[in-house]
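In what follows, a structure is listed as structure tokens, so that the remarks can point back to it.
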Amino acid sequence: SKKNIEENKFKLAEDLKRRKQEAIEKRAEEVKKAREAALKKIEDDKLAKVAAKERKLKEQQTAIALRKVAKKVRMAKPQEFEEAKAELDEAMAKDFENCGGQKELIKTEIDKIVEQASARYETIKLQRQAQIEKKEAAVKLCNELEGLIEAAESAVVKLKESAAFFEDGSELSVADVEKITQVIQEGFLERGVRTQACNDFYLKHKRDMKDPTPLQPGQTLEIKERSEKMRARIKECTVASQATFKAAQDAKDKALRQAWALDKQQEITGIFTKYCNTFENILTRSEVEKFTQGEYNCTVPEKVLDNIFDNHVEEGAKGVNVKDFHYMKAAIGIARERERDAKRRKDLEKAKEDTKASIAEMESAVGNASKVLSSVDRQVLRLVGKVSTVPVTHMLKLADKTDEMVAEAKSVVGSITQKVKALKDSLTGGLREAFAPAAMKLEKESKLFEIRVVQAEKFAVRFRESASKKQVAEAEKFRIAVLKIIRYNQRLKSLNVDDLFDVFDPEGTGFMTSDAFVKFFETADTNVESFDDEPDDVDDADSGAGGKEDDLADAKTKIKVQDETEDDDDDLDIAGEEEAEGDAADLGDEFSPTALARLFSVLAAGERNLPKDDFLRIIRVFYKCVKETIATDILSLKDGKPVRRVEVNEVVEVLEGPIKDDSFGVMRVRARLLKDSAEGWTSIAGNRGTVFLKRGGNMYKVVKETFMSRDIQPDDDESLMKKLAVGTVLEMHEVPRLDAASGFTRMKAKVKGEATVGWVTTMENPKKVFVQVL
């Protein structure tokens with residue numbers, strides 16, 4: 001019903017209100033409890049913080065207290081370390097647990113402090129022990145030095161005792177003085193040795209003779225003070241001994257004079273007593289005569305005896321007493337000296353006569369020597385101008401004759417020089433004053449003779465050198481003439497080098513004999529006036545005057561000889577550069593079967609036969625490319641194919657030709673290109689006059705100093721023949737080739753103007769060249 005519904009609603013509202021009120025009250029109760037709990041917690045936290053603060057403060061105070069004790073350990077002196085360590089251990093046992101959260105930190109810090117302090121304590125302990133040991137060692141060294149100094153001082157005392165013997169030396173003999181002096185010198189030397197031992201010991205050990213550092217409180221420099229005192233004692237030993245020795249030397253001189261006077265007096269008295277036989281203690285006239293005979297082995301003149309007894313014997317006395325004995329000896333000595341002086345004057349007169357005779361003999365020898373030197377001078381003057389006007393054989397004979405005359409003159413002048421020196425050395429005393437001018441004159445003349453001999457000898461040497469050079473030049477001229485004839489006949493008969501050798505070796509043995517070589521010239525065509533075969537670098541004779549009948553006539557004409565010797569100070573020019581007419585007969589005699597056989601021997605290097613390879617080397621002809629050209633495979637330029645290009649300065653060896661190429665009207669040669677041994681035909685010149693090849697290429701010039709050796713591979717210094725200076729000209733004998741052993745390019749060559757033949761390095765690498773083609 002509605003009432004029930006209203007009652008239910010009211011009940012529900014009341015119940016809801018009640019529950020709300022209960023909820024509010026419960027909530028208020030909970031809030032109150034929460035507040036009370038919060039207030040209590042705040043109070044508890046506050047109390048806890050106070051307690052924690054107090055606890056932390058106590059821990060800090062405990063830690064500080066422990067650190068203070070640990071600091072005592074760290075700062076403790078060695079003698080206080082054990083006590084401080086014990087105090088720290090006690091504090092740690094008592095308060096360590098009160099450190100709270102700092103226990104680990106405090107333990108680490110204190111352990112580290114104790115460890116460091118212990119290490120420092122041990123180090124200091126070891127250092128102090130080392131100082132003690134060092135001091136003990138220093139004291140030991142000081143004691144040793146003390147012993148050495150005492151020995152030196154003992155030597156000084158002995159020296160002073162020895163020197164004291166000279167204080168009263170009136171009764172000492174000379175032997176006594178010498179003996180004492182010997183003892184003093186030995187003592188002085190002993191002192192020096194011992195003092196030096198002290199100094200050496202100190203210098204050796206001075207670094208160890210020091211007070212140990214660092215010094216302890218109150219410690220004094222004991223070792224230093226002791227060392228300074230000992231050094232002062234060493235110095236005092238030296239000073240005292242030197243002063244004693246000097247005083248002893250002075251005293252010795254005085255004592256020695258006294259002793260010598262005493263000994264002399266005793267000696268005089270002994271001699272006087274020896275000849276005195278009278279109780280009056282005097283020397284009678286007869287006893288004076290015996291004294292003179294016995295002591296001086298001579299007889300005293302009566303006049304001297306009269307003088308002694310008149311002047312040195314007291315009136316009424318019968319003889320000379322000991323007091324006047326020295327006057328008697330002086331009178332006898334004067335008499336003896338007068339006798340010796342008379343003998344010296346006599347000997348001097350005889351020496352003057354002998355010296356005068358010697359000077360006269362040497363003056364005669366000087367005159368003869370002057371004649372010999374005059375003949376030498378005339379002989380030398382005959383040599384002037386002979387280099388260019390006489391044959392070599394006659395020049396060599398003149399040189400031999402001149403050498404003989406110079407040797408004779410040298411012997412004569414040497415003998416005179418020795419005699420003059422002996423004379424000069426013998427001039428002493430009165431002889432020097434009498435004969436010194438004459439001796440000086442002879443000495444001056446002998447020196448002038450020596451100068452003349454040296455000049456003549458030098459001139460003769462230069463003349464012989466000129467003769468040798470002329471001989472080489474003429475031989476070379478003759479060789480060129482012969483080879484020119486051979487090449488002319490080769491071209492005339494259009495022979496290649498192999499065919500040419502077959503002419504000399506018809507039997508094909510591979511060797512040429514001397515007879516075959518000479519026989520060739522019996523039928524050879526020598527009319528070579530139109531054959532231009534002279535190389536550009538050979539000093540040619542005047543070949544353009546009127547033409548020559550053959551090359552033999554050309555060889556007989558004028559020969560130009562260049563004397564390369566240096567100018568000398570004298571006025572005799574024996575080998576100047578000049579040109580004069582020679583005797584054709586001389587060269588004609590040389591160009592004979594005998595001369596040809598001799599030339600063959602030279603070409604064959606002294607052997608009986610000349611191999612084909614050597615002949616081809618001698619007869620071959622070289623050209624040098626002066627303008628780039630082309631080598632072809634055949635003679636004809638028109639039909640030939642190029643072999644390769646020939647570059648400027650490249651050297652080629654002629655194998656055939658020159659032969660004229662009719663298609664272009666040029667002279668061509670078949671040649672081997674030395675650079676790579678390729679063969680081909682190339683033109684000497686173009687049809688418009690352009691020159692491609694110029695005669696040469698076999699002559700080289702040294703551009704960097706090098707050596708010539710006997711073998712291509714010089715194994716040692718004995719293989720070296722001579723040093724080649726820059727500018728030396730060489731004639732190639734074998735083309736340059738690479739030596740595999742050394743890696744150098746080597747060439748066999750002959751020195752121009754000489755007979756020297758050997759191997760020379762032309763190049764080590766492209767940047768290091770020793771020899772270049774001319």
(message) Testing the spin-label approximation: label points 7 Å from Cα along Cα→Cβ at Ser358 and Lys53. State their distance in nm.
(response) 13.8
(message) Check which residues have an amide H placed less than 5 Å from Gly696's amide H, if you skip close sequence neighbours.
(response) Phe622, Tyr623, Lys624
(request) May I ask you to list, by number, the DSSP H helices of the chain whose Cα span along the axis is at least 27 Å and whose average Kyte-Doolittle hydropathy reaches -1.0 or more? (result) 103-163, 174-205, 222-275, 325-383, 392-426, 430-492
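Could you tell me whether the chain comes out rounded, prolate or oblate from its Cα gyration tensor? Rule is a ≥ b ≥ c as square roots of the eigenvalues, rounded for a/c under 1.5, then prolate if a/b exceeds b/c, otherwise oblate.
On the way: a/c = 6.03, a/b = 1.21, b/c = 4.98.
Because a/c hits 1.5 or more and a/b fails to exceed b/c, the chain counts as oblate.
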(message) Cut-off 20 Å, label point 7 angstrom out along Cα-to-Cβ of Leu738: give me the residues of region 748-774 whose amide nitrogen falls inside.
(response) 748, 760-773
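On a 32 Å Cα-Cα criterion, which of the cross-link pairs Lys9/Lys33; Lys41/Lys71; Lys627/Lys722; Lys484/Lys768; Lys470/Lys722 come out too long?
Working: Lys9/Lys33 35 Å; Lys41/Lys71 43 Å; Lys627/Lys722 36 Å; Lys484/Lys768 36 Å; Lys470/Lys722 22 Å.
Table pairs above 32 Å Cα-Cα are Lys9/Lys33; Lys41/Lys71; Lys627/Lys722; Lys484/Lys768.
When the chain is fully extended, how far beyond the present Cα-Cα distance does Lys346 get from Lys701, taking 0.36 nm per residue of separation? Kindly include the intermediate steps, with their values, before the conclusion.
Details: separation 355, 0.36 × 355 = 127.80 nm, distance 7.87 nm.
Length difference between fully extended and current span is 119.9 nm.
Of Tyr623, Tyr296, which has the most accessible area and how do the rest follow, probe 1.4 Å? Please report the intermediate quantities before stating the final value.
Working: Tyr623 30, Tyr296 65 Å².
Correct descending sequence by accessible area is Tyr296, Tyr623.
Once neighbouring chains are kept in place and the probe is 1.4 Å, which whole percent of the accessible area of region 430-536 is contributed by carbon and sulfur? Spell out each step's value before the answer.
Working: 2990 of 5680 Å².
The C+S portion of the solvent-accessible surface of region 430-536 is 53 percent.
How much of the accessible area of region 596-689, in percent, comes from carbon and sulfur atoms when a 1.4 Å probe is used? Please report the intermediate quantities before stating the final value.
Details: 2320 of 4950 Å².
Its accessible area is 47 percent carbon and sulfur atoms.
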(message) Leaving out ligands, DNA and RNA, and with a 1.4 Å probe, what % of the accessible surface on region 290-387 is carbon or sulfur?
(response) 51
(request) Could you go through region 746-755 in sequence order and give the Karplus-derived ³J(HN,Hα) for each residue, using 6.51 cos²θ - 1.76 cosθ + 1.60 with θ = phi - 60°, rounded to whole Hz, and x for Gly and Pro? (result) 10, 9, 8, 8, 10, 6, 5, x, 10, 9
(request) Can you tell me the FRET efficiency between Ser719 and Gln471 if r is taken as the Cβ-Cβ distance and R0 is 22 Å, rounded to the nearest 0.05? (result) 0.20
(request) For Asp208 paired with Ile618, estimate the spin-label separation in nm (one decimal), with each label point 7 Å from Cα along the Cα-to-Cβ line. (result) 8.9
(request) Would you kindly find the accessible area of Cys625, with a 1.4 Å probe and non-protein molecules such as ligands, DNA and RNA excluded, rounding to the nearest 10 Å²? (result) 0
(request) Between the alpha-carbon centers of region 302-347 and region 726-752, tell me the distance in whole angstrom. (result) 98
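Quick one: which of Lys135/Lys160; Lys386/Lys750; Lys85/Lys140; Lys303/Lys346; Lys469/Lys748 span more than 31 angstrom between C-alpha atoms?
On the way: Lys135/Lys160 37 Å; Lys386/Lys750 29 Å; Lys85/Lys140 38 Å; Lys303/Lys346 23 Å; Lys469/Lys748 23 Å.
Over 31 Å Cα-Cα: Lys135/Lys160; Lys85/Lys140.
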(request) Could you check the simple spin-label distance between Arg688 and Glu82, using points 7 Å along Cα→Cβ, in nm with one decimal? (result) 12.4
(request) Please list Met732, Met405, Met75 in order of solvent-accessible area, largest first, computed with a 1.4 Å probe with all protein chains present. (result) Met75, Met405, Met732
(request) Show Ser592, Ser494, Ser364 ordered by accessible area, largest first, where the area counts protein heavy atoms only and the probe is 1.4 Å. (result) Ser494, Ser364, Ser592
(request) Would you kindly find the accessible area of Ser426, with a 1.4 Å probe and non-protein molecules such as ligands, DNA and RNA excluded, rounding to the nearest 10 Å²? (result) 60
(request) State the Cα centre-to-centre distance between region 443-457 and region 1-55 in whole Å. (result) 159
(message) A 21 angstrom limit on the alpha carbon distance is what I want to check against. Which of Lys254/Lys274; Lys624/Lys701; Lys675/Lys701 exceed it?
(response) Lys254/Lys274
(message) At 1.4 Å probe size, what's the solvent-accessible area of Asp347? Round to the nearest 10 Å².
(response) 80
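Between Ala137 and Leu774, take the C-beta separation as r, use R0 = 60 Å, and let me know the FRET efficiency to the nearest 0.05.
Values: r = 86 Å, r/R0 = 1.43.
The calculated FRET efficiency here is 0.10.
Rolling a 1.4 Å sphere over the protein heavy atoms, what is the accessible area per residue of the chain, to the nearest Å²?
Numbers: 47880 Å² over 774 residues.
I get 62 Å² per residue for this part.
According to the square roots a ≥ b ≥ c of the eigenvalues of the Cα gyration tensor, what is the shape class of region 659-698, taking rounded for a/c under 1.5, prolate for a/b larger than b/c otherwise, and oblate for the remainder? Before the final figure, lay out the partial values.
Working: a/c = 2.79, a/b = 1.59, b/c = 1.76.
In terms of gyration-tensor shape, oblate.
The values are calculated or read from the model by the stated rules, or taken from the named source; none is laboratory data. Just so it is clear, the model here is predicted, and its values are computed rather than measured. Because the Cβ atoms are built from the backbone with ideal geometry, glycine has one as well, and the counts that use them run over all protein chains shown. Side chains are part of the model used for accessible areas, which takes the heavy atoms of the whole protein and leaves out ligands, DNA and RNA. Shrake-Rupley method; radii C 1.70, N 1.55, O 1.52, S 1.80 Å.
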